[in-house]
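The values are calculated or read from the model by the stated rules, or taken from the named source; none is laboratory data. Given the structure is predicted, the values throughout are model-derived calculations rather than measurements. Here Cβ is always computed from backbone atoms with ideal geometry, including for glycine, and neighbour counts include all displayed protein chains.
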Ligand code: BES
Ligand code: MN
Ligand code: ZN
């Protein structure tokens with residue numbers, strides 16, 4: 001679907017979408033259209049429960065004498081709180097209302113707490129985000145189910161400005177879509193090496209992409225990551241992506257993703273029902289790749305390095321056993337009591353490598369790490385754990401700004417004690433309680449004195465029901481958050 005911007009003029013064909021503020025208030029263009037159609041809009045409002053409440057819609061058959069097919073009223077809610085996030089959601093709602101039409105025009109003639117060109121850009125962005133479909137493996141599709149909308153025209157006072165805003169919005173949308181594609185792909189298609197091959201597409205965006213295979217990782221001593229891949233026919237990979245849009249020699253921000261392309265649990269095998277969900281256990285890595293695309297496409301003036309630990313966790317004659325002891329790159333030894341607590345083993349070595357190789361000024365990891373975080377927060381918040389209040393607050397604020405919310409959970413020595421092993425430096429599981437926290441404590445043992453935050457995104461990567469900006473399935477959660485975090489804190 002294309003988004004185009006133009007000056008405000010009463011739409012003369014197709015579907016016209018008009019915003020209505022709380023209390024049924026039309027803007028100047030809406031009022032004109034109401035007059036031109038002899039009160040059709042106000043009459044329709046009177047005869048219904050529609051009052052302009054945010055994200056509600058009312059569809060009206062266009063009166064005879066116009067070339068319009070329908071007029072859709074979309075609720076803007078209170079204009080005081082009409083910001084970029086609200087605009088995105090309104091865009092998503094109106095997309096659903098017009099997706100089966102061929103052409104639609106939305107008139108942005110009321111202003112909220114951000115400029116009208118920003119509103120227009122985000123209405124467009126929200127519509128495109130909601131339009132995402134993954135159809136490559138369908139050989140037959142019900143024609144009626146197919147969206148038909150080719151172009152959404154957004155009318156506003158300053159279409160030139162809106163276009164400029166939209167360039168940045170669109171770069172982020174491209175990143176989100178790349179993430180959703182990677183995460184949705186089935187695990188026979190996306191495995192460590194094919195993930196790397198897909199990430200290499202980023203070199204066209206100006207990103208330096210490299211990958212280390214098992215031999216290189218062995219040389220570096222990455223026994224924790226490599227142990228997870230032992231049972232797999234697929235070779236493990238460490239993917240490194242650099243975007244150097246900032247000052248030369250300025251330390252980068254490191255963003256690290258868990259990339260378990262399939263998590264069967266290994267010898268500590270998971271139950272069969274729902275095991276298919278573990279194709280998206282590479283969601284953290286998928287987010288990192290999407291973020292890199294977003295940064296590159298909007299030419300962000302910042303240095304960021306993205307690293308993904310890519311493995312497949314499978315049971316096999318060569319697989320690691322419960323009870324094995326592995327030596328991580330840091331030199332610390334780990335007793336692997338549960339092969340299904342594999343994400344932390346992968347991240348242990350990637351975190352260490354990132355610090356040693358890139359000396360980052362801050363380090364953020366994203367991982368579908370624990371079922372325990374889902375028990376705690378469901379799909380509403382991702383968990384954040386950090387050794388640094390300032391970094392943590394910056395991430396929470398960025399999440400708030402884009403509505404990808406984070407909730408901080410505590411850390412401390414009392415939890416760390418649960419990781420004591422009788423024969424090695426630590427074991428890879430804690431007790432039965434506070435599983436998301438003990439997982440974070442494990443990761444922290446591989447963090448030196450750099451500001452670090454760990455985002456446990458197990459509850460937000462995939463959503464069967466859909467979210468305000470995603471129809472269902474992979475959400476692309478985190479691309480918008482991290483993009484905002486970097487924009488607000490590290491650019492100029
Ligand atoms: N990938 C899973 C966590 C997960 C569960 C993500 C459900 C998304 C949905 C992770 O590798 C795992 O298996 N964690 C175990 C840890 C336990 C063995 C200590 C868990 O959470 O049960
Ligand atoms: Mn697991
Ligand atoms: Zn896992």
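What to note about this one:
- Residue check, residue 309 surrounded by 24 or more Cβ atoms within 10 Å (Cβ to Cβ), on the phi > 0 side of the Ramachandran plot and either at pLDDT below 95 or within 16 Å of ligand 3 (Cβ to nearest atom) (or both): no
- Selection of region 446-470 for residues being surrounded by fewer than 18 Cβ atoms within 10 Å (Cβ to Cβ) and in contact (Cβ under 8 Å) with a residue 12 or more places away in the chain yields 448, 463, 468.
- Scan of region 253-270 for residues that are within 14 Å of ligand 3 (Cβ to nearest atom) and in a strand (DSSP E or B), ordered by number: 257, 258, 259, 260, 261, 262, 263
- Restricting attention to region 266-281, the residues that are near ligand 2 (Cβ under 8 Å from one of its atoms) and either in contact with a helix residue (DSSP H, G or I) (Cβ under 8 Å, 6 or more places away or on another chain) or not assigned by TED's automatic domain parsing to the domain that holds residue 235 (or both) total 3.
- Test result for residue 56, touching a strand residue (DSSP E or B) at 6+ places or on another chain (Cβ under 8 Å), crowded, with 16+ Cβ neighbours inside 10 Å and modelled with pLDDT of 95 or more: yes
- Members of region 336-354 that are more than 15 Å from ligand 3 (Cβ to nearest atom) and surrounded by fewer than 20 Cβ atoms within 10 Å (Cβ to Cβ): 337
- Any hit, region 410-417, residues being surrounded by fewer than 22 Cβ atoms within 10 Å (Cβ to Cβ), closer than 24 Å to residue 288 by Cα and in contact with a strand residue (DSSP E or B) (Cβ under 6 Å, 6 or more places away or on another chain): no
- Residue satisfying condition, being in contact with a strand residue (DSSP E or B) (Cβ under 7 Å, 6 or more places away or on another chain) and either under 22 Å from residue 357 (Cα atoms) or in a loop (DSSP other than H, G, I, E, B) (or both), within set 317, 309: 309
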